[in-house]
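Reviewing the structure listed below.
All of the numbers you see were taken from the coordinates with simple rules; none came from a lab. The shown structure was predicted, so the numbers you read here are calculated from the model rather than taken from an experiment. Backbone-built Cβ (ideal geometry, glycine too); neighbour counts: all protein chains shown.
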Amino acid sequence: MRNTLATKLLFDLSQPGRRGAVFPKSDVPDQALDELIPRAHQSTSAPALPEVTEPEVIRHFVNLSTKNMSVDTHFYPLGSCTMKYNPKRHERLSALPGIVDMHPYRSVEDSQGMLELLFTMQAMLAEISGLPAISLQPAAGAQGEFTALLVSSAYFRDKGETRTKVLFPNSAHGTNPASAALAGFECVQLKSTAQGFVDLNELSAHLDQSTAVFMVTNPNTLGMFERDLPEIARRVHAVGGLVYIDGANMNAICGITRPGDFGGDMMHYNVHKTFTGPHGAGGPGSGPIAVRDFLGDYLPGPVVVRREGPGTSGVSSDSTLVYDLAVPARSIGRVRSFFGNVGILVRGYCYLRTLGAAGVRAMSENAVLNANYLLAKLKDVLPVPQGDRCMHEFVASARQLKEERGISAMDIAKRLLDYGFHAPTVYFPLVVPESIMIEPTETESRETLDAFAQAIRDIVREDPELLHQAPHETPISRPDEVRAARTPVLKWITSEG
Amino acid sequence: MAYLYNTPQQQREMLATIGVGSIAELFEQVPENLRLRRPLDLPPALTEIELENHLRELAAKNTTKKTGVCFLGGGSYDHFIPSAIDAVASRSEFYTAYTPYQAEASQGTLQAFFEYQSLICQLTGMDVSNASLYEGGTAVSEAVFMAMRVTDRHSKVVILGSVHPEYRQVCETYLRQVNCELVVVPVPDGIADVAAVRQVLDDRTACLVIQQPNFFGCLEQTRELTDAARKVGALSVVSFDPISLGLLARPGEYGADIAVAEGQALGIPMQYGGPYLGILACRQEFVRKMPGRLIGETVDREGQRCYVLNLQAREQHIRREKATSNICTNQGLMALRATVYLSLLGPTGLREVAELCTRKAHYAAERLSKVPGIELAFRQPFFKEFALRCRAGVDPILKKARAAGFDIGPDLKRFRNSGVSSAENCLLIAVTEQRSRTEIDKLAEALSG
């Protein structure tokens, strides 16, 4: 059933003279182009883009799309990524005229509805985090981390302190050290306890006056709640440092407990995860940050404020504005152009408005229920070193299977594709050997979880050789990644060479 | 409850399988004293009908006039978006998938991104493109960091005052922590004075950052500028307008080392500033210093052509603090939109759009500069955007435009804190292929009144 013609590379489909879009003739008085733009600025040739028709373009991309697994077609238990259902109403509502067609420099007077939405979003994120000051600007979680670290730098600079180090446990996401390095900090990675928690002794041994920030994911990347966080925060604060909560795993705790209540000073959200972005084949995300009051003045601007009285920007200073844009007093500056990934924030807003307080809590409760249920169904065939309980996700290990039968985490991941399930995250976190990180999310039925558990139970009994060769049912078999890296081919190359 | 499947009966059975009596027991890991003892204070839940009505009300508040014909510019533009783009981007298999870590189950995404990289190379005349960054401002910053790695010069970066002030602010923010001096060359006359730029460049300079067309819409002398950078061993980073490349010289033709762009014009709606698309392409020799994802071609076990995430050893999930960037996501869905846009338009369509913008913008410039009290701010060649100086101030002009149903600007006053020289009494006008002669004439009449 595969249409191999339609999925040839666009360039190989091209025929000179075809086109997929036609524009109207110019309606302004005709003038020689060279009189408008000097020849020296013009290119001597048109860019050699493919020439294809609209029907070809559609058939090409629709056929390509069928080579993907996605949340709408498959269970997608990719640990740490919160691949929950993406409600269709979000797509329609974020595309409403008056929202999707708003230029970012439209006057404040003519943006009151958008600003009201964003202001309410700020307030809802502050309430869920227990941290009052919000910036919606960061484009993704990693940029949220970076932004918050810059906020901490500015804060310490104002206090006349030079703090050079950012600490994080070895179970941290790779973005934590990468963001810290980009923000000019020295990275200090701490060993975790055998159970995967922050090791208090190890932490204390590294804390001193040079500590700027301790970054920690809670629940951590093993899907466990860091119950010592108040003590961790006490120790970090005792040396004058700040605690950063990586909000990647917020789906476990919304309405249950709040980063601001368990010791966090700063955090980021992943709106595309927790508040169902969607993921867009790898982005766009949106990574707002929430910080304590005393850090609010350092946030990037603009932020949305509510005020009465004459407007301070825009064209009619006589109108009474309700919502306005403002740059915090001691802002670190911009981390991107324009306001933020508003299209994703609108979807997150729609989600929170649909759920309400009880729904948000039920979301986390059911995420945790589904994860624990799957853990219970799998632990006898796929041991979970951290024990019988988890939050919204858990990390199983194929170490024993690998030793006894040569079946690796990768083998199981690849074979699951044949069974019609997206693979879990494998080989992260690094602290568990042959790790398989499973996050079912709350938007999956018990029937799906049962079928997934059965698939794994079947797979671990299969011939290891069959598994090493898996997947067998996908559009391609395992790719030669070594060849790809050794002689990188990163674009289409003409057949003429 | 919205989006939940399990019935109360199923929940009870699941709890029994787990071996607990209630959901509350599952949360025993969370110490009692850390739990929130009240419901979150959030607005009440809405059904789909209520939510739709609410969003429609908010949308209606975003426009207080009958029409809002968009002549706004400054990095986000009202270009036409063919319907085929929405049709492709609304395929669930694309927009509800994630990063293509499992190549066997992600060939659709991977091939589309490979095609994106190929199209960007053809468009720019550069050797290699990544699979996208956040947006135009961070693309400039990532290029600057990349130039520092390539040249091993970490103390000085030169940027023209005609680069988008928000991109410059982003660079400033990114560079502050690494003690790198960011030298801004003032551009009082609409385009940079090449001799003045040469004065500032030296053997400590990692790169020279140029925007073409620049923030004021004017065309810089890019060949002379990239030459000047090369003479001191610095790289040239050029932020371009992708639509302009239907007509203007490509960055690869005038010797750019790294070409970056805001890709919003390529079929991405304005949506109040994001999500947009950061484009970054460069010369082949810098490929291993690039930030962000790269897709490569290879073969599977049967020798069938296929695509994978490539050269991941540059990235944060492998290299952690030694990664070339902290970026984790790309802007996949936006890159897909740009891919569809460029394939629909092809060389002819892109040329048509670029020509239409040029012709209409020049007609508008001529009409508007005849309005009493208004003149062109600069006497320089421009593409689809230009700056007007309003002798009696910008506010009355904006007021007249608004009353007649036109959005114009931005007012350059908006950027006065970011050192936009000649910002006094100036505003920008952008004219895309969507604007008609009638609209331009009516705007000119409204401003004359």
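Key figures for this structure:
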{"read-out": "Helix B:332-368 vs. chain B, principal-axis angle (Cα, 0 to 90°, nearest 10)", "value": "30 degrees"}
{"read-out": "Number of partner chain Cβ atoms within 10 Å, mean per residue of B:172-182", "value": "4"}
{"read-out": "The range A:444-486 residues near the modelled B:Thr7 label - backbone nitrogen below 16 Å, point 7 Å along Cα→Cβ", "value": "A:445-448"}
{"read-out": "Those GluC sites (Glu not before Pro) in the range A:139-218 that DSSP places in a loop and that have at most 16 other beta carbons within 10 Å", "value": "A:Glu161"}
{"read-out": "Principal axis box of the range B:181-269, alpha-carbon based, largest edge first, Å", "value": "40, 26, 24"}
{"read-out": "For chain B, built as a Gaussian network whose Cα springs stay under 10 Å, the top-fluctuating residue of B:Phe378, B:Phe27, B:Phe215", "value": "B:Phe27"}
{"read-out": "Approximate spin-label separation B:Ser436-B:Asp127, in nm, with each point projected 7 Å along Cα-to-Cβ", "value": "4.9 nm"}
{"read-out": "Segment A:Thr193-A:Val489, extension gain: residue separation times 0.36 nm, minus the distance between their alpha carbons", "value": "102.3 nm"}
{"read-out": "Over 26 Å between alpha carbons, listed pairs A:Lys88/B:Lys61; A:Lys84/A:Lys379; A:Lys379/A:Lys402; B:Lys156/B:Lys413", "value": "B:Lys156/B:Lys413"}
{"read-out": "10 Å Cβ shell holding at most 12 others, DSSP loop, trypsin sites (Lys or Arg not before Pro): longest site-free stretch of chain B", "value": "B:67-300"}
{"read-out": "Total formal charge among the other residues, if their Cβ is under 10 angstrom from that of B:Leu182, Lys/Arg +1 and Asp/Glu -1", "value": "+1"}
{"read-out": "Neighbour-limited loop hits for trypsin sites (Lys or Arg not before Pro), the range A:21-59 (at most 15 other Cβ within 10 Å; DSSP other than H, G, I, E, B)", "value": "A:Lys25"}
{"read-out": "Evaluated at q = 0.12, 0.14 Å⁻¹: base-10 log I(q)/I(0), Debye formula over Cα of chain B", "value": "-1.07, -1.31"}
{"read-out": "Of the DSSP H helices in chain A, those whose Cα atoms cover at least 30 Å axially and whose Kyte score averages 0.0 or more", "value": "A:342-378"}
{"read-out": "Folded to 0 to 90 degrees: helix B:136-151 orientation relative to chain B principal axis, Cα", "value": "90 degrees"}
{"read-out": "Cα-centre dipole for the range B:83-340 with unit charges at Cβ (Lys and Arg positive, Asp and Glu negative), debye to 20", "value": "580 debye"}
{"read-out": "Directionally averaged shadow of the range A:364-482, computed from the convex hull of its alpha-carbon atoms, nm²", "value": "7.6 nm²"}
{"read-out": "Where labels lie 7 Å past Cα in the beta-carbon direction, separation of A:Arg461 and A:Glu403 in nm", "value": "2.4 nm"}
{"read-out": "Kirkwood-Stokes translational diffusion coefficient of the range A:294-413, alpha-carbon pairs, 4 °C, 1.567 mPa s, µm²/s", "value": "66 µm²/s"}
{"read-out": "Shielding by partners, peptide B:349-358 (average Cβ within 10 angstrom, other chains)", "value": "5"}
{"read-out": "Estimated D of the range B:83-340 in µm² per second, where Rh is the Kirkwood radius over Cα pairs and Stokes-Einstein applies at 25 °C, 0.890 mPa s", "value": "132 µm²/s"}
{"read-out": "Cα-based shape type of the protein assembly as shown, given that a ≥ b ≥ c are square roots of the gyration tensor eigenvalues and the cut on a/c is 1.5", "value": "prolate"}
{"read-out": "For the protein assembly as shown, size of Cβ-based charge dipole, Lys and Arg +1, Asp and Glu -1, in debye", "value": "1020 debye"}
{"read-out": "Ellipsoid semi-axes in whole angstrom, largest first, where each is sqrt(5λ) of the Cα gyration tensor of the range B:139-218", "value": "20, 15, 10"}
{"read-out": "Cα pair count fraction exceeding 14 Å, expressed as % - the range A:10-62", "value": "68 percent"}
{"read-out": "Extreme residue, positive dipole direction of the range B:19-58, given options B:Ala24, B:Asn53, B:Leu42 (C-beta unit charges)", "value": "B:Ala24"}
{"read-out": "Restraint check, A:Lys414/B:Lys322; B:Lys360/B:Lys442; A:Lys25/B:Lys360, Cα-Cα greater than 18 Å", "value": "A:Lys414/B:Lys322"}
{"read-out": "Radius 11 Å from Cβ of A:Leu200, net charge of other residues (Lys, Arg +1; Asp, Glu -1)", "value": "-3"}
{"read-out": "Summed side-chain charge close to A:Asp72 - residues other than A:Asp72 whose Cβ falls under 10 Å, Lys, Arg +1, Asp, Glu -1", "value": "+1"}
{"read-out": "Cα gyration tensor of chain A - equivalent ellipsoid semi-axes, whole Å, descending", "value": "38, 36, 23"}
{"read-out": "With Cα atoms, 0 to 90° folded angle of helix B:107-124 axis to chain B main axis", "value": "10 degrees"}
{"read-out": "Loop-located GluC sites (Glu not before Pro) in the range A:405-497, at most 14 other Cβ atoms within 10 Å (DSSP)", "value": "A:Glu473, A:Glu496"}
{"read-out": "Anisotropy class of the range A:89-352 from Cα gyration tensor, a/c 1.5 cut", "value": "prolate"}
{"read-out": "Per-residue ³J(HN,Hα) for the range A:21-32, Karplus 6.51 cos²θ - 1.76 cosθ + 1.60, θ = phi - 60°, Hz, x for Gly and Pro", "value": "8, 10, 10, x, 5, 4, 10, 9, x, 6, 9, 4"}
{"read-out": "FRET efficiency, B:Asn53 to A:Thr66 (Cβ-Cβ, R0 60 Å, nearest 0.05)", "value": "0.95"}
{"read-out": "Distance (nanometres) between label positions extended 7 Å along Cα→Cβ at B:Arg230 and B:Lys370", "value": "4.4 nm"}
{"read-out": "Efficiency of FRET between B:Arg391 and A:Glu473 - r from beta-carbon atoms, R0 60 angstrom, step 0.05", "value": "0.25"}
{"read-out": "Cβ-derived FRET efficiency at R0 35 Å, A:Phe294 paired with A:Val322, nearest 0.05", "value": "0.80"}
{"read-out": "Square roots of 5 times each gyration tensor eigenvalue, C-alpha, the range B:246-295, largest first, Å", "value": "23, 17, 7"}
{"read-out": "Potential extension, A:Arg92-A:Glu186 segment - 0.36 nm per residue separation minus Cα distance", "value": "29.3 nm"}
